[in-house]
Every structure is written in structure tokens, then in C-alpha cells.
1. Taking the number of other C-beta atoms within 10 Å as the exposure measure, put B:388, B:92 in order starting with the fewest.
2. For A:366, B:106, which order do you get if you count the other beta carbons within 10 Å of each Cβ and list the fewest first?
3. Can you tell me how much longer the chain between residue A:170 and residue A:276 gets when fully stretched, taken as 0.36 nm per residue apart minus their C-alpha distance, in nm with one decimal?
4. Pairs of alpha-carbon atoms within less than 8 angstrom and 6+ residues apart define the contacts here; what relative contact order does the stretch A:342-463 have, in percent?
5. For a Förster distance of 30 Å, can you work out the FRET efficiency between the beta-carbons of residue A:299 and residue B:114, rounded to the nearest 0.05?
6. Distance from the Cα centre of the stretch B:324-374 to that of the stretch A:416-485, in angstrom?
7. What is the average number of partner chain Cβ atoms found within 10 Å of a Cβ in A:576-588?
8. Testing the spin-label approximation: label points 7 Å from Cα along Cα→Cβ at residue A:546 and residue B:334. State their distance in nm.
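Bear in mind these aren't lab numbers, they're just calculated from the coordinates by the rules spelled out. Small disclaimer: the values here were computed from a predicted structure and weren't measured. Note that each Cβ is placed from the backbone with ideal geometry, even for glycine, and that neighbours are counted across all protein chains shown.
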Amino acid sequence: MQGMSVGGVDPSILRELSGVYKPFIKAFKELVSNSYDADASEVSIEFRDDFSVATVTDDGSGMSPFEFRNEFTRIGGSSRKWSREKTRKGRERIGNKGIGFLALARYADRMVVESSRPHEFQTVHRIQKTPTAFDPREALGVPISPELLQPVFEFDVRKAGTNTKVRKSCIKIDWTRPKVSISDGVGAVDVEMRVDCRKLAFRATLDFDRLLKLADNADLEKLSDFTLIEVFALPRKSSRGTRISVEQLKPFVKRELRAERRKGFVRNVASRSGLEQLVWHLSRCTPIDYQKGLEACEAIASLLKDASPPTLDALQLKHGKSSETLRRPLYPFQSEAAVTHRDMVTPVEINDGGLVAKGFIAGYESVVFPAEYRGVSIRVRGVAIGDPTFLGAEFLLTGAHKAALSQITGEINVLRGLDAVDSLNPGRESFYEESVDFQILKRAFRGEGERVGGYLGKTIDAVLRRSQARSSLQNALGRAGYIRRAIDDVSAGVTHLMSSGGAPAAAIRGMLKSKISHTNGLASAKEAPFGVPPKIGSMSVQRSQRMPNAAEIDYESGIVKIDTSRPEWDNHIVLFKRRFDVIHKQGSASQSIAEVDFKDNRILVNWGHPARSQMDERGFLRTALAWVLARQAAEGDADRMMEIAITLLSFTTQPND
Amino acid sequence: MTKAITTRSLLEKHVSKRDRILLLNPPVFETRYSWRRWNQPLDLLQIGSHLKATVKCGVELFDFMLPDGKGLVEKQALTGTNKHRCVGDGSFAYSYPMWRFGKSFSDFEQWLVVRQSASKTGRPTQVWITSLCSYWFRSIHHTCNSVRNRLHDVQIVLLGNYPRMMPDHAIELSGADFIVTKGMVNPEGNGSLALYGAERPPFASLNLRSQTTVSAIQRAVEEGVHHFAFFDDDICRDNGEPLREVVEKTKGLHPHLRFHAVSGLLPERLTPQLASLFADRSFAELHFEEASAGGILEEESYRRARSLLVEAGMNVGDGDKTSGFVWIGRPGDTLEEIVRRCFVVLGSFGSLILKPFTPVPGSDIFKQHDKYLKAIQPEDLSPHMFPFAEHNNITREEYHDLYRMAAFLNEKVRNRSFDFLNGSMGARLLRNSLRREAWNLEASPLSIVD
């Protein structure tokens, strides 16, 4: 192997640029991005058992030794050339800043690259002064043996800037040294060199450990052994593509990958094993298909159908005996995800000023887990830019609106725009605020000013609307249940008194034989608002029977159905064998707390009585019922009345009271 | 107005094909419940099978006393006025914490709601509630009340021992529409467990008098039930032939098939053949009734029974498989005699179970002490309240001391001590007895038997 000079950039800058990719996964994904840009269909990642080596193999177009030197390892070299160019398969290139090869410098000691590409490499080398002699290998920039180069090398010499060829007689090439000599003094010349790479392959080793140990003022030109390369004849039956081995991964990287899943109940990705976390993050930031389940969630599936850029056919990850094909995980497609409701899905469609983006934002009735799904993932060229985000909306919101963010997830695929050099930071982890495309995206996403609107605002409103409706419904059901419990308590209290026998039982029995009405004005008071409410929140209430659940909310039509055949909506009380209607009245403070009508089997309860302010609804109802029954049964005997009332009030059917 | 009818009248005149009958085995309000593992409404199962087969009406069962996954009936402290029951005065006073054994009325209500929303049939037209003990009437009254609150216009019928033994009380205070005071559907039948639906009980109760016991066992095994309990008065009758026939005809039906003799096993009835039968591993539990006649313990019966069991190869000191009941709370009790019986039973079977006594209404003992018992509140006739405490001049505290003693004795007695007993009469008697036996006593933990 021979050294190969790289870049001409100060090593301290190289060191800084390598720090752009944090953490390990962000750096590692660059290798997959490279495979994608090379039009690979299938990419395979294999980790050695002890995680000391990671190898990425693809079936892409590969590269020649010259492309490796000029493009793979060139700082900034690819940006102008690739930023708007598509691959042969029509893919928008992911890598365009030309620092990808440095991504893993901090995480491993060494990287070995093996590849080949059947193309004709061309380059023009200008020589200012003739006559002259030069080694063609120096001009090519890649150390290659004369025996290997000679059969595949061709060149022409022209007067600089013209099509006029220099006479062949004054051009000689000595392959023993090797050297090209131009004997004519014709001024500056352009030497156009062509190499047929069809039968050439190479293996290059980048020594990151050496690179990062350099002092700030070391001259990179002197580091010819930072990258060692060996060019050799391509074996006959070898397959095309590229193989990159990242060797001697740093101890902290191995430690992270070996980390075990946290014990006990685990919900978030951060609590999973190191390898599981790597798989998850890699699945989210590489251009691969969505996981299966697309069909299961139609609301989302239809929005993503035309919104995804081309992807790899397969991304495989192997470790030990396990092997897994990676698919991009999406919260709505997880088996443990909450139900995705159509009214809580906000389609995203942006076509403004050169920015085209499509996707969705979805709200849920419960907090989204794993927490790593919260926020909206923005993908450019199929690769997520940074972590899911709310683009700063979280700093503008407070209270329930802010809390709603934990119930929101989404995905936006940028199909055009946001891919210029001035839009994304070098590590493709965030957007530049000053980018015009980014401003358009932000405006559409969360609106303008200090109030959060846009697509996110709509989703937050949907979450809160549901939350408020459910909360109001729970209040209504809870209240009805509470009232029913009070009635049951008094009914059971009467049963208890009857069972106990004696004078109180006889008094109750006597009372229940009555057919007289003892009402005194409460009957004409207006009804108090109990029973099934006409509306819950802003939704109309529809009564139903025999439903599987106590209530159902139909958010799309704005109707709440309540099963009124259930006990909580029953306002009757059974006293021994006799059944009474319990009617809630809003009487005046001067009227009695309750009245009994034994003729029509009604008990009227006065919710306007002053005692109401001293206790909750359940306590008041029990007091009212107990008082009126005790009074009727006692027939003027104060002691008897107290005895009955206290027994009824202290009797409860619930163990936790 | 509540009416008293017979079983025959109920089945012939008060039920038709169009009815939908809900059978309820109600919860129990009690201070202690000895049979938390062994409650099954055999009468409801019999009657339910009969209704389905003969009347062909709709029949469902809700068993408040169905054991949970651990094989125990649910237990919850009662609240408010029901939390404690104070019985007796002066030195005989005792405050009993009261419990609800069995599912709650909320569970029943929820079951009705689920049934109503899932079922295509209508609400029940009749609810039949059984009762095992007459002094458990309070929970029956509350069950009636709960049914009326949830199923307003349903007809309620009371069955079982409460309406039979306390008909006037049931008519006046239960709130039911009908009470059944006479007759049984099929006293020799076995009920079908199919009434339980998908939630099968962990065991099936067997009636040895029935001709269908073997087929009942076969059916139950097919349905996944492998434990069977005998509740007859005398399972060793006719020289044990009916029992032996059942065991032999069901041999090999299932490797985990087990019989539990929880009542009706009389030591004096034991024969060598029965002893061999009991020694087999298919019998998981043997609880021997007290052998006494005219108030005198038949010690010879115990010695003979133990000898037969040992000869049959049983490890009688095992304590887990064999035990003997000792009555406490009977009229005429003395503490010395109770303790003496405890030692006889312990020496014979390795473990003892104290069985509190209450007279059956209408029985000879009840009639004999009629005047004394009439002064007691009906629910205080529960055996756990020791209705004869004042009569015997033994305080309730002392009776409860006996439970602690039994718990202690059921441990390995040798090498344990009992300083916790705090000088009560029971403790003194025990110490004296043990001294006479010259046992070596050291420290031991405690547990209550029941």
C-alpha cells in the first residue's frame, strides 16, 4: 500500500469537521447515504460480535481509485458538482457537502474502503512550461504500479487552451520509471489523460487515529500516509459495489452498542439496548421503505403514498446470528400505537416558492410513546433532518396547548427545495434559519408571530377538542354515577333498617303503606339540571340503549351517544318493595329539603336548599332522602326520626367510603 | 304481599317456557366464613338443569360465591353501620368485625350491564335467590334490594334454608314476591356446571345419593373440572359401597382427578376397605366428623379409625390430608372437655378443625332451648357468634382463645411453646395437659386456623 495525499486542508479543520456528526449514529448513517447516492439497491451492515468492526456493503455503482481520491476524500469537492445533480436512477443525492468521509473519524481508528467502477476516468493536467517531464501517476493523484497502469492509460498533449495537438514525435513515455517527456518547447500544454478503470479495483485505508493526533500546525501535504491505497487488477468474478469497514471502533462506541435494555417496564427507545437504539435511529434517518402496516392506517397511508422519494430496496443489519431488514418506523403503524382518528390527522401539502412538501401531522388521545416519536420528522431526500421537531412552537405555547404536544407526531417529506447548501448544516442535522425555503416551511407548519397556527395549530386544536369532549363526558357520567350511588345508599339503608327489625323497621313499613301525598309546593318548582344533558361540550347528545360502552363520541358528526339504559341514568329508588321516582327540583331556600308523594310515588328533592352549599352532590342527596324518609316514618317522634336518619346516613354500599 | 309456596307449585304454576330466569347464589355477610373454598349452590344447579331440560325456559346463573383464580371467595370488610356486630353483654360482650364474602353488588350490576348490551334476549323475568343458612338473611335482603333497583318489574323468589326455616321472617322482611317453604327439585340429582358458562368453578359438589354421580363426574372432567367435594351427611353409608362404586368407576378418567371429603365422614363408619380407598392419592382431603353419642366422645372409634388408616398405609400424622372436627359452642360445653377432645382428635388425625355450633331451627336441640334462643337476634344465631356462650358460661373471648389454641396445636407441637396465651383458662388447661404429657416446649409463631 502506498500513501495518497488528501485535501490540502489543515488537519485541525479536519478534526473540527469530523465533530459535526454527533452522536455515532449520525456519523454512521453517512455510509448508508453514500450507498444510496451510488444507486445501490441493497445495502448490508454487519457488526462483528464484539462490535469492534462495522462493515457496510452495497451493490451500487462503486468508485474507481480516482473517484475515491477526488470525490470521496475531497473536502467540499462534491458540493458544486452534486448539489443539484441526480444519480443515474434519478435519486436526489443525499451527500453534497463533501465531508462525509470524516463522519466516523471520531468513532473509529480506521476505515477501509474497497471498491471498483467500470468507467473511463479522464483528467486534464496543465503544464505551464515545456520542455518538461512528469510522472503520470503524480498527475493522476493515485499511486498505481506501472504494470497495471500501462495497459489502461492513454493521453493526448495539446497546446494550452487549444485543440492543437503537440507532435507525437516529441512526446515519449518511459514505463520503466515511469515518466512522460515532452521535448518541444511549445509553451504551456494541456495533458489530457484517460484511464480505463474496468479492470481496476482498489483498497484504501484511512488512519483516523493518526489524523486526529496531529498538531494544529502540521502540514497535511506531508501526511502522505494518512490514507494508504492499493490499486490492483479486479478479480474476474468479483461483484460491483463498495465495501467499507469501520475498524477498531472506539471503546465508548462499543460500550453504547453493547448496552443492555433497561430492566422493567420500558417505553422509550432510549431505554432499549444499544443495538436496538441503533436500529431504530438508523431506520429513521436512512432512505428506506416504511414499515409494514401502511395499509392498516388508511388516513396516513393515503397521505404518504405520493410523498416519498425513491428508497433503497433493502437495508439489512446483521449481528451475530441475528439479521434484520430495516424499515422506517412510523408511530401510527406501531402495534402498540393509539388509534389514529381521521379528525385528528392534518394533511400537509406545501407548494410555495420552490418548496414542495407533503406529509401529515397526527394528534392522539393519549401521550405518544416511545417519546422519540413526539414531534414532526422532516425529511429531505428521504433522510430525516435532525430529530422530530415542533420548529420552536414549544417555546410559544403554555398550559394545555403545550401539553398537547406530547400527543402529536408526524412526518413531512420535502420533495423539492431545502436541499441547497445554504439550507442545511453540514451534518444535515438542522436547517439554517435564514434559508428562504425553511421560512416557508416554518410559516406553513406553525403560522407566524407568537400564536401557533398553521398545520400544527390545527392539530393541537383537534387534540384539545377531543380532550375537552372526553373530559366533559367523563364529568357527566361521573356525576350521574355519583347521584345513583347516593340513591343506592339510601335504598340499602332502608333495607338494612327493615332487616334489623324492631321499631324502626315497623315505622318504615308503616310509612310505605301510605298513599298520601305530602308535597307542599316543591312540585311546582322548576326542574334542576340532572339526568342526561342535552349537550356535552359543543356536541349534541343522543340517547341510546344497550351499547357496549357507557358512551361513544362521534367526533366527525359531533354527536355523543349515551346508553341511558344503564343504572347511572335511572332516577328511581326502591324502598323495600315500593318504587319511587326521584325528581330533582330547583326550589327556593325557604322550601323544605325534600318532599314525598306517596300517591304518585315521587320523592322531590330541593337543590335550592341552603344545606346544598355545605356538602357535595352525593352527600346532599343522601341527606335529603334520609331526612324526608326519617321524618315521614317517625310521624312526629323526634328520637325515632334521629335514629332512622342517622342509620340511613351512615349506611353506604361502597367499601372505600 | 310476599307469598309462601312449595317447589312443586313454583315449577308447575309460576314458570313457563317464555320466562327468563336468573338464579342467584347471594353473598354472605358474616364475621368468619369457614368454607371459602367450598361453596357451591347445588340446589340452584339442580333446579337450573331441571328448568332447562323440562320447562325449557331461559336460565342463567350468577354465583356471587364463585372462587377467584386462587380458589378463594372474595372478601371485603363491611362499612358504616355494618362494620361491626356487637353481641352479648358484660364479660360475654364481643365486637365482631363483619365481612362481605363473595362478589360485590357493583360486580353484579356490571354483569347485568354487560349481559344487557351483549345479549339478544331480554331482561330476566324472574330472579330466584337461594340461601344456605337462615341467619344469613341480611345479605339475602340486600340481594333482593339490589335486584329490585336494577330489574324493577322482575319477580323475586327465595329458595333454600332461610325461607324454609324462617318463613314468617322472610315473608315480613325479605321483600321477595314468593318464598319456597317446602320441597326440593331433585334431592338425588347432580346439577350441571354448564350453567356457569365459560367461567367454570374450580370444583364440583357431588351428591352420593344420586344415580347420576358417575356421569356428573365424567361431564365435569370433560369441562375441565377435576376436583370434587362430597357434602352428604354420611358418605360412608351402606358400608361405603356407593362411594367405592363412584371412585372405581371414575378411576383413570383424569390423572389429576381428586376427591375432597369435606363433610359427612364419620370415624365410626370406617372400614378396612374404605381405609384402603382413602389411602389412595385420589383422595386429597379427609375431614372426619366428631364421633360422639349423647355428648360423650367415642374415643374407641378414633383409635380404631386411626389404626385402620395406618394399616392401609396412610401417614396419618400428615395433617394436610387428614383432620378431625371438634364441636365448640354446643349447649353444655366445658372448656376442659373441649381441650380433651382436641387432643384425642389431634392424636388420631394429626390436625383438628374447630367447628362452631348453632342449632337448626326446628331441630330437637332448638326446641329444647326454645325460650333461651328466642331472646337472641336471628342473625346472632350464627355459630361464629356462639349463641350458647351465656348458657355455657364460657365467654366469647374464651371461645376465640380456643381458635388460637387450635392454630398452635396444628403446628408441630413438640419443641414449641405458647407463652402468648396470657393466662386465660384455655391456656392454663393447655399447659396442664401438656405438662402431663411432658412435652418439651420452645418458641413458636402463631396463626389462626380458619
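1. Details: B:388 26, B:92 16.
By the 10 Å Cβ count, ascending, the order reads B:92, B:388.
2. Values: A:366 11, B:106 15.
Taking fewest neighbouring Cβ atoms as first place, the list is A:366, B:106.
3. Numbers: separation 106, 0.36 × 106 = 38.16 nm, distance 6.52 nm.
Between residue A:170 and residue A:276, full extension yields an extra 31.6 nm.
4. Numbers: 234 pairs, mean separation 38.5, N = 122.
Reported relative contact order: 32 percent.
5. Values: r = 31 Å, r/R0 = 1.04.
The computed FRET efficiency comes out at 0.45.
6. If we compute the Cα centre of each part, the gap is 76 Å.
7. Numbers: counts 7, 10, 2, 4, 0, 0, 0, 0, 0, 0, 0, 0, 0.
What the average comes to for A:576-588 is 2.
8. Those two pseudo-labels are separated by 6.9 nm.
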